[in-house]
Amino acid sequence: MNIPVMNVLGLVQDTNVMDVAKMGAALGAGIVAIGAGIGIGRIGSAQNEGIARQPEAAAEIRGGSIILAALIEGVALIAVIVTLLIALGVKV
Amino acid sequence: MKFLRPIAILAVIVGAIAVGMRFTAHHEGGIFQTLYMHLMPAPLVEVAQHGEHGEHGAHAEPLLKIPLPSALAAFDMDRKGHGHFLVATNLQVFQLAAVLLIFVCFLGVPRHLRNGGGDWTSRMFSGFAGWVRDEMVVPVMGKEVGNKLLPLFLTVFFFILFMNVMGLLPGAATATASIFVTGALALITFSTMVVGGMVVQGPIAFWKHLVPHVPLALWPLMFAVELVGLIVKPIALMIRLFANMTGGHLAVLSLMGLVFFFGGMSPTVGWASSPVAVGLAVFIMIIESFVALLQAYIFTTLSIIFVQASLHPEH
């Protein structure tokens with residue numbers, strides 16, 4: 001099934017739905033990386049500030065921030081799996 | 001006598017790799033496909049005698065086949081054959097090896113904890129077990145509940161840890177890189193959450209306490225939201241472990257495939273690119289061996305936090 005809009009733009013010839021879906025999956029994987037990077041970066045900066053202020057609480061702060069980073073990572077990985085399912089064309 | 005236990009540990013690991021390699025079919029095709037197929041769980045098949053079977057394409061008969069009702073078709077592993085079957089794969093070899101490793105490593109631990117005897121392997125693993133109790137379980141759950149649920153979390157932690165670490169060895173399969181294995185582990189956490197909550201708070205009070213104090217009109221909506229939250233927690237556990245273990249292997253695979261991709265252009269380019277690709281793959285492998293330890297910790301810690309949250313809801 002051709003999508004006329006893409007052909008009008010003159011960028012892509014013979015585009016079909018799966019190609020557009022794959023482009024969306026690739027864009028999605030990139031956006032996921034941005035979001036997870038911002039989130040884990042903020043956790044890391046706060047962790048370093050916290051440890052610099054209170055070095056005696058370093059172990060607890062580190063443990064807590066690993067768990068929080070894992071929670072963000074979990075959301076990012078769910079998005080990656082979804083993009084992988086789109087890219088592979090898995091029918092659910 | 002001193003080296004009996006380390007030798008037994010090595011024997012279990014080497015034996016699992018040998019069994020896994022002997023009873024899986026070898027994949028033919030391009031080099032990249034051959035590498036990629038090592039990520040997929042391979043069914044255990046009978047060893048083909050030379051000359052007896054056809055050269056290629058002969059569908060080797062699986063060693064162990066259990067028929068499934070058609071309602072469980074999603075678990076069908078033998079997609080080429082007729083009907084739905086549960087087929088033993090090389091992942092099960094490494095799961096069994098992880099269970100055996102737990103037995104071998106921890107049989108001497110109680111004796112060491114009682115009277116301080118035992119070889120250095122027992123000392124090391126009793127230190128690990130003490131760390132899991134003192135740093136992971138007791139600070140979250142407290143001493144009383146923590147000591148009751150400690151065996152479960154110790155088993156989950158070391159089972160995942162051994163499977164992750166064995167998956168890094170050459171010729172081995174990573175059992176935790178299959179979503180069915182991690183799904184089963186997450187199901188254990190989920191049933192502990194629900195059954196434990198119903199035992200501690202009472203069967204009806206658990207579902208009533210799922211929702212914090214809200215206006216009555218909001219109650220049905222909040223109940224649905226909390227129900228979804230209850231189910232999403234183990235699903236996130238399942239996908240996190242699976243995707244972390246698969247992702248590391250995929251990154252190594254992509255870097256190694258780069259060598260053959262460039263080698264296909266011209267052998268000189270392939271040789272020139274191989275030091276860079278192998279160096280990056282070694283770097284990813286170092287990260288992956290850290291991730292293998294970290295993910296076992298994360299899975300267990302999050303299980304502890306989720307179970308504790310469903311045992312004692314916030315008021």
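Residues whose amide H comes within less than 5 Å of that of B:Leu86, counting only those at least five positions distant or on another chain, are B:Ile66, B:Leu68 (H built at 1.01 Å from N in the peptide plane).
Helix-derived [θ] at 222 nm for chain B: sum -39500 (n - 2.57) over DSSP H runs of at least 4, divide by residue count, nearest 500? Rounded to the nearest 500, the figure is -23000 deg cm²/dmol. Against chain B, whose longest principal axis is taken from its Cα atoms, helix B:120-131 shows a tilt of about 40°.
Each of B:Arg114, B:Arg123, B:Arg133 was scored by other Cβ atoms within 10 Å of its Cβ. Arranged with the fewest first, they read B:Arg114, B:Arg123, B:Arg133.
For the pair B:Ala205 and A:Leu88, label points projected 7 Å from Cα toward Cβ lie 4.6 nm apart. Counts of other chain beta carbons within 10 angstrom of each beta carbon in peptide A:62-74 average 4. Dipole orientation for chain B: of the candidates B:Val45, B:Gly30, B:Phe153, B:Phe153 has the Cα lying most toward the positive pole (charges on Cβ; Lys, Arg +1; Asp, Glu -1). For B:Val225, B:Val259, the sequence from fewest to most other C-beta atoms within 10 Å is B:Val225, B:Val259.
Please list log₁₀ I(q)/I(0) at q = 0.07, 0.09, 0.12, 0.15 Å⁻¹ for the protein assembly as shown, using the Debye equation with identical point scatterers on the alpha-carbon positions. Those come out to -0.44, -0.73, -1.25, -1.64, one per q. In whole angstrom, chain B maps to an equivalent ellipsoid with semi-axes of 39, 27, 22, each derived as √(5λ) from the alpha carbon gyration tensor and ordered largest first. Angle of helix B:219-265 to the longest C-alpha principal axis of chain B, folded into 0 to 90 degrees and rounded to 10: 20°. Using a Gaussian network for chain B with springs between C-alpha atoms less than 10 Å apart, which of these wobbles most: B:Ser126, B:Ser274, B:Ser266? Highest fluctuation among the options: B:Ser266. Counting, for every residue in B:232-245, the Cβ atoms of other protein chains within 10 Å of its Cβ and taking the mean gives 3.
Under the combined filter of DSSP loop state and at most 13 neighbouring Cβ atoms within 10 Å, region A:32-92 retains these trypsin sites (Lys or Arg not before Pro): A:Lys91. Per-residue Cβ neighbour counts within 10 Å put B:His213, B:His249, B:His38 in the sequence B:His213, B:His38, B:His249, beginning with the fewest.
No value in this document is a laboratory result; all are computed from the given coordinates. If you're wondering where the values come from, they're calculated on a predicted model, not measured in any experiment. So basically every Cβ, Gly included, is an ideal-geometry build from the backbone, and we count neighbours across all protein chains shown.
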